[in-house]
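Novice: Below is one structure. I have some questions about it.
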Amino acid sequence: MTKELCNVVDQISREKGISRDILIEALESALLSAMRKKYGGRTNINLVMDRQKCNITVFETKTVVQKVTNPDEEISLADAGKVDPLKGEGDTVDLPLDLQDLGRIAAQTAKQVIFQRVREAERDVIFNEFKDKAGQIITGAVMRKEKGIYYINLGKTEAVLPVKDTLPNENLKRGDTVKAIIEDVRITTKGPAIIVSRTSPEFVAGLFKMEVPEINEGLVQIRNIVREPGERTKIAVYSKNSAVDPVGSCVGMKGTRVQAIVRELRGERIDIIPWADDPRMLIARALSPAVIDKIGINEEGKTAMVVVNDQQLSLAIGKKGQNVRLAMKLTGWDIDIISDTEYSKIRMEETDKTLEDTLRKESQKKDPPSVDG
């Protein structure tokens, strides 16, 4: 029995990735619980299990007394002397019990406790494996969809991908392989819950880190990234090494790197711009692909007035204001865009007003008001 028991422990340890010592402790606890149940819940029933050979010893511990009033927990001095002549009143004596006395109900109890402890240990293994992986990208296969949630197979466990955290109009099917970023790992009543997302800007940043060695090695840095999932992403990159082109590194030879990311994002547009410390230059680049003519900024209020060619106005603003909205998030500046025509009109009005003010002042100098009297 002990050899078979050891084989079972070793097998479960390998399959579940659970420490052998944890399984032995679970088995000890289960068998002890079963034996105590067999003997009416007596707490003086004890069990010891050899860690290497799995030999099990069960015994009851009784106190040596002159007169026995509780046979379950006490033993007479005379009977104790038969076990150990050196025992005296007040000492304790360990009396062996037959493990075969477990019985069907007690054995079932042992089985349930073992399974429970194995599940708990397995949950701990999974939680410890993923608890420090928040922010990392995982790859898994879609298992099923239930109540607005996709369940992604990660091998030992599964991740939870809410439908709201998938791309717009994305309909995943069973067996589809998807990438997602781990947003949170928490313990629930059903075990560890690994929450993943495909809509966060960090997901796109993680994809670039996977595809672009220069980012992974720290040669190119992602200074900021903003996103409207399924529509457009703007990412600002920077390189301290003048020999390394940050935008070219992200695009890759013939666009292979960025195209791989676009495919994963189901065709989402990605604007890659070089970071600049000069706010005027950064704002102009952030409004890409539009070409900017003039920029005026108010550093105190962090506001900017941008002038573009009339044909570039709709491109600069973007569909439903998307381009300028993302540019504002990327730069942290409040941006107002006007066309050349509007700008010329404003300048003309300002010029006319200035001219009127000048003429008025000149007129007042030549014709001073008369004084009655």
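The values are calculated or read from the model by the stated rules, or taken from the named source; none is laboratory data. Keep in mind that this is a model prediction, so the values were computed, not measured. Ideal geometry is used to build each Cβ from the backbone, glycine not excepted, and the neighbour counts take in all protein chains shown.
Novice: Taking segment 161-176, which residues are charged (D, E, K, R) and either modelled with pLDDT of 95 or more or closer than 18 Å to Glu228 by Cα (or both)?
Specialist: Lys164, Asp165, Glu170
Novice: Suppose we filter Ile272, Ile261 for residues that are among the aliphatic types (A, V, I, L, M) and either in the same structural domain as Asn169 (by TED's automatic domain parsing) or assigned to a strand (DSSP E or B) (or both); which single one remains?
Specialist: Going through Ile272, Ile261 in turn, the sole match is Ile272.
Novice: Here is a follow-up. Failed condition for Gly148, given (1) of a type in the set (Gly, Ala, Ser); (2) in contact with a Gly (Cβ under 7 Å, 6 or more places away or on another chain); (3) without any contact (Cβ under 8 Å) to a residue 24 or more places away in the chain, with all others met?
Specialist: (2)
Novice: Then there's this: Restricting attention to segment 171-189, and to residues there that are in a loop (DSSP other than H, G, I, E, B) and among the polar types (S, T, N, Q), which single residue is nearest to Ile137 (Cα to Cα)?
Specialist: Ranking the candidates gives Asn171 first.
Here is a yes/no grid of residues against (1) without any contact (Cβ under 8 Å) to a residue 40 or more places away in the chain; (2) exposed (fewer than 15 other Cβ atoms within 10 Å of the Cβ):
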residue	(1), (2)
Leu207	no, no
Met210	no, no
Pro213	yes, yes
Val220	yes, no
Asn224	no, no
Gly230	no, no
Lys234	no, no
Ala243	yes, yes
Gly255	yes, yes
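Novice: Among Gly296, Gly318, which is the only one that is in the same structural domain as Leu330 (by TED's automatic domain parsing) and within 36 Å of the chain's Cα centre (by Cα)?
Specialist: Sole residue among the options that is in the same structural domain as Leu330 (by TED's automatic domain parsing) and within 36 Å of the chain's Cα centre (by Cα): Gly318.
Novice: Something else: Provide a single number: the residues in segment 38-70 that are at pLDDT below 85, in a strand (DSSP E or B) and polar (S, T, N, Q).
Specialist: Total meeting the criteria: 1.
Novice: Are there any pairs, at least 6 apart or on different chains, whose C-beta atoms fall under 8 Å, with the first in segment 161-182 and basic (Lys, Arg) and the second exposed (fewer than 13 other Cβ atoms within 10 Å of the Cβ) and in a strand (DSSP E or B), and if so, which?
Specialist: These pairs meet every condition: Arg174/Arg144; Lys179/Thr139.
Novice: Residues in segment 279-315 that are hydrophobic (A, V, I, L, M, F, W, C) and in contact (Cβ under 8 Å) with a residue 40 or more places away in the chain: how many?
Specialist: The qualifying residues number 4.
Novice: Next question. For Tyr238, work out the one condition from (1) in a strand (DSSP E or B); (2) assigned by TED's automatic domain parsing to the domain that holds Arg347; (3) not basic (Lys, Arg) it doesn't fulfil.
Specialist: (2)
Novice: Just to be sure before I move on: is Val291 aliphatic (A, V, I, L, M), loosely packed, with under 15 Cβ neighbours inside 10 Å and either closer than 27 Å to Lys345 by Cβ or not assigned by TED's automatic domain parsing to the domain that holds Ala205 (or both) in the structure I sent?
Specialist: yes
Novice: Okay, moving on. With respect to Arg227, is the statement that it is among the basic types (Lys, Arg), in contact with a Ser or Thr (Cβ under 8 Å, 6 or more places away or on another chain) and either not assigned by TED's automatic domain parsing to the domain that holds Val160 or not in a helix (DSSP H, G or I) (or both) true?
Specialist: So Arg227 fits the description; yes.
Novice: Also, quick follow-up: Determine whether segment 286-307 contains at least one residue that is at pLDDT 90 or above, outside any strand (DSSP E or B) and on the phi > 0 side of the Ramachandran plot.
Specialist: Yes, there is a match, as at least one residue in segment 286-307 is at pLDDT 90 or above, outside any strand (DSSP E or B) and on the phi > 0 side of the Ramachandran plot.
Novice: Also: Scan segment 315-329 residue by residue and report those that are on the phi < 0 side of the Ramachandran plot and in contact with a Leu (Cβ under 8 Å, 6 or more places away or on another chain).
Specialist: Ala316, Asn323, Val324, Ala327
Novice: Another question, then. Can you name every residue in segment 55-74 that is surrounded by fewer than 13 Cβ atoms within 10 Å (Cβ to Cβ) and either touching a residue at least 12 places away in the same chain (Cβ under 8 Å) or small (Gly, Ala, Ser) (or both)?
Specialist: Gln66, Asp72, listed by residue number.
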